[in-house]
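This report concerns only the one structure given below.
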């Protein structure tokens, strides 16, 4: 009988998944998400501090009120850190909750000055920019760490021969290192896009108010400086009526990044099947069955695929929310906050989970090499050898090898032998002189790899050179 707290699977596992991975795989089955505005508490406090400081410095509110507001905000921040300040749903949003708490602590007469020269429109815009800035930085770190892990693993397996596939069928010779490295540029581009996103939206929207400004003599540049922005939004209307554009772009970047992870996850799942037997996913990143004792399921990788699909849907919804009938703020824009937060929550854990899978999986190089000897993987290199070594035109050589493949396959072979090639040449009326050893050597994976030496090719030296170049690009992203 299962004991309290005991899962219904895992008895055969040597290592149990961590609580973090279990939560990653379980999704929202038994755990909920915090309210969106609860996540914004630290950011709203920062926005309030900057705004109150500016109001006081500009003489827009009494200096004593500004001082008390800042003291009160500091006290609320300490209470929040201690778990003593939580949102009251009856007060609608984080802005109202903090303002009401501030009034309780310093008095309504002083707290009432805080909302001078601003609206909840520009307030939440600023909160979200700050939160998204941190989310983007977190994504850069996570994607970069995964890319570095792939670079290291690619170098370690630069000489691990395996089949390359097209159309899910054996195609030609490659290495496991070359395959793994093929997923790195997409992650590098993800970090580059995130950097560009930060530069594009590194402007403070506070001061836009409802979109139409204020008659108070505010200093928007001072607020931007206090909050670490490089400048301010030039138009007061644009950030209000395009609320959701930064969110849609951020979610779109994560969507593209996770598409690469989903493709990698699908490839690893296939390579881990009994039919392929090329890798073994560690118990710590697997799960079992409630009724089948033997099962070890690659759930962590399957969840990466599910989360990638979810982020894609959220990014699409964010883009759809940008369509409206009249300029200015409309309430549907509030949903951009929920969608982008969900996108970030779904996306960010995927990078770490994938890094964990890669760092703990077992690679069966012998099995990979065995598969590389099947399916006529040396046929294309044989065509190229006939061109370079015997001077045949490419189309002629390809037709010749096609006939030779058919003849060899009819004999139950999986590589072209000398007799089949000579027979094909005879049928084509070509006086081709080749010996068995030459034909075999031209198709031998270990002899082929060094010849795949163009930039970006599977040759071990080129894999390592490409890995170094990608590492340089990756580290150039601040």
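Conditions tested, residue by residue: (1) surrounded by fewer than 19 Cβ atoms within 10 Å (Cβ to Cβ); (2) at pLDDT 95 or above; (3) in a helix (DSSP H, G or I).
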residue	(1), (2), (3)
13	yes, no, no
20	yes, no, yes
23	yes, no, yes
102	no, yes, yes
117	no, yes, no
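Hand me the list of helices (runs of 4 or more DSSP H) wholly inside the range 407-452 holding 1 or more residues that are in contact (Cβ under 8 Å) with a residue 60 or more places away in the chain, surrounded by 15 or more Cβ atoms within 10 Å (Cβ to Cβ) and touching a strand residue (DSSP E or B) at 6+ places or on another chain (Cβ under 7 Å). Give the steps one after another, and end with the answer.
Details: elements: 418-427, 436-443, 445-448.
Qualifying helices (runs of 4 or more DSSP H): 445-448.
With the structure loaded, tell me whether residue 71 is in the same structural domain as residue 51 (by TED's automatic domain parsing), on the phi < 0 side of the Ramachandran plot, modelled with pLDDT of 95 or more and over 34 Å from the mean Cα position of the chain (by Cα) or whether it fails that test. It would help to see each step written out before you state the result.
Numbers: in the same structural domain as residue 51 (by TED's automatic domain parsing): yes; on the phi < 0 side of the Ramachandran plot: yes; modelled with pLDDT of 95 or more: yes; over 34 Å from the mean Cα position of the chain (by Cα): yes.
It is true that residue 71 is in the same structural domain as residue 51 (by TED's automatic domain parsing), on the phi < 0 side of the Ramachandran plot, modelled with pLDDT of 95 or more and over 34 Å from the mean Cα position of the chain (by Cα).
In the list 110, 80, which residue meets the criterion of being part of a helix (DSSP H, G or I), within 30 Å of residue 198 (Cβ to Cβ), touching a helix residue (DSSP H, G or I) at 6+ places or on another chain (Cβ under 7 Å) and touching a residue at least 24 places away in the same chain (Cβ under 8 Å)? Before the answer, list the steps.
On the way: 110 fails: within 30 Å of residue 198 (Cβ to Cβ).
After ruling out the rest, the residue left standing is 80.
For the range 348-378, what are the residues that are in contact with a helix residue (DSSP H, G or I) (Cβ under 8 Å, 6 or more places away or on another chain), over 30 Å from residue 135 (Cα atoms) and not in a helix (DSSP H, G or I)? Break it down into steps so the answer makes sense when it comes.
First, pick out the residues of the range 348-378 that are in contact with a helix residue (DSSP H, G or I) (Cβ under 8 Å, 6 or more places away or on another chain): 348-361, 363, 365, 368-369, 372-373, 376-378.
Subsequent filtering for residues that are over 30 Å from residue 135 (Cα atoms) retains 363, 365, 368-369, 372-373, 376-378.
Answer for the range 348-378, where residues must be in contact with a helix residue (DSSP H, G or I) (Cβ under 8 Å, 6 or more places away or on another chain), over 30 Å from residue 135 (Cα atoms) and not in a helix (DSSP H, G or I): 363, 372, 373, 376, 377, 378.
Have a look at 220, 200 and point out the one that is surrounded by fewer than 18 Cβ atoms within 10 Å (Cβ to Cβ), at pLDDT 95 or above and closer than 30 Å to residue 120 by Cβ.
Working: 220 fails: surrounded by fewer than 18 Cβ atoms within 10 Å (Cβ to Cβ).
Exactly one residue qualifies, and that residue is 200.
Out of all the residues in the range 199-212, is one or more in a helix (DSSP H, G or I) and under 30 Å from residue 472 (Cβ atoms)?
Initially, the range 199-212 is screened for residues in a helix (DSSP H, G or I), giving 199-200.
Adding the requirement that they be under 30 Å from residue 472 (Cβ atoms) leaves 199-200.
Yes.
For the range 44-65, enumerate the residues that are within 19 Å of residue 204 (Cβ to Cβ), free of Cβ contacts under 8 Å to residues at least 60 places away in the same chain and over 38 Å from the mean Cα position of the chain (by Cα). Give the steps one after another, and end with the answer.
In the first step, residues of the range 44-65 are kept if they are within 19 Å of residue 204 (Cβ to Cβ); the result is 44-58, 60.
From what is left, the residues that are free of Cβ contacts under 8 Å to residues at least 60 places away in the same chain are 45, 56.
Across the range 44-65, the qualifying residue is only 56.
If a residue has to be buried (at least 21 other Cβ atoms within 10 Å of the Cβ), touching a helix residue (DSSP H, G or I) at 6+ places or on another chain (Cβ under 6 Å) and under 22 Å from residue 452 (Cα atoms) to count, how many in the range 177-196 make the cut?
Number of matching residues: 5.
For the range 26-43, does any single residue satisfy the condition of being exposed (fewer than 15 other Cβ atoms within 10 Å of the Cβ), over 30 Å from residue 310 (Cα atoms), free of Cβ contacts under 8 Å to residues at least 24 places away in the same chain and touching a helix residue (DSSP H, G or I) at 6+ places or on another chain (Cβ under 9 Å)?
Looking through the range 26-43, none of the residues is exposed (fewer than 15 other Cβ atoms within 10 Å of the Cβ), over 30 Å from residue 310 (Cα atoms), free of Cβ contacts under 8 Å to residues at least 24 places away in the same chain and touching a helix residue (DSSP H, G or I) at 6+ places or on another chain (Cβ under 9 Å).
Please state which one of 272, 263 is under 30 Å from residue 342 (Cβ atoms), surrounded by 20 or more Cβ atoms within 10 Å (Cβ to Cβ) and under 24 Å from the mean Cα position of the chain (by Cα).
On the way: 263 fails: surrounded by 20 or more Cβ atoms within 10 Å (Cβ to Cβ).
Every option except 272 fails the conditions.
For the range 119-150, how many residues meet the condition of being farther than 21 Å from residue 473 by Cα and assigned to a helix (DSSP H, G or I)? Quick ask: steps written out before the conclusion?
Of all residues in the range 119-150, those farther than 21 Å from residue 473 by Cα come to 119-135.
Applying the additional criterion that residues be assigned to a helix (DSSP H, G or I) yields 120-135.
The number of residues fulfilling the criteria is 16.
Provide a single number: the residues in the range 291-341 that are in contact with a strand residue (DSSP E or B) (Cβ under 6 Å, 6 or more places away or on another chain) and part of a helix (DSSP H, G or I). Steps first, please.
In the first step, residues of the range 291-341 are kept if they are in contact with a strand residue (DSSP E or B) (Cβ under 6 Å, 6 or more places away or on another chain); the result is 297, 299.
Those still in the list that are part of a helix (DSSP H, G or I) too: 299.
Here the count works out to 1.
Here is a list of conditions, (1) farther than 30 Å from residue 139 by Cα; (2) part of a helix (DSSP H, G or I); (3) out of contact with any strand residue (DSSP E or B) (no Cβ under 9 Å at 6 or more places or on another chain); (4) in contact (Cβ under 8 Å) with a residue 24 or more places away in the chain, and residue 381 meets all of them except one; can you say which number that is?
So residue 381 meets the others, but not (3).
Which condition number in (1) at pLDDT below 95; (2) assigned by TED's automatic domain parsing to the domain that holds residue 316 is the one that residue 169 fails?
Failing condition for residue 169: (2).
Here's a check for you: in the range 458-478, which residue that is part of a loop (DSSP other than H, G, I, E, B) and in contact (Cβ under 8 Å) with a residue 40 or more places away in the chain is surrounded by the fewest Cβ atoms within 10 Å (Cβ to Cβ)?
By that ranking, first place goes to 478.
Which one is nearest to residue 175 (Cα to Cα) among residues in the range 153-162 that are assigned to a helix (DSSP H, G or I) and touching a residue at least 60 places away in the same chain (Cβ under 8 Å)?
Keep residues of the range 153-162 that are assigned to a helix (DSSP H, G or I), which gives 153-156.
Filter once more, so that each one left must be touching a residue at least 60 places away in the same chain (Cβ under 8 Å): 153-155.
Working: 153: 12, 154: 9, 155: 10 Å.
Across the range 153-162, the extreme among qualifying residues is 154.
The values are calculated or read from the model by the stated rules, or taken from the named source; none is laboratory data. Since we're looking at a predicted model, the values are computed, not measured. Here the Cβ is made from the backbone with ideal geometry for all residues, glycine too, and neighbour counts use every protein chain on show.
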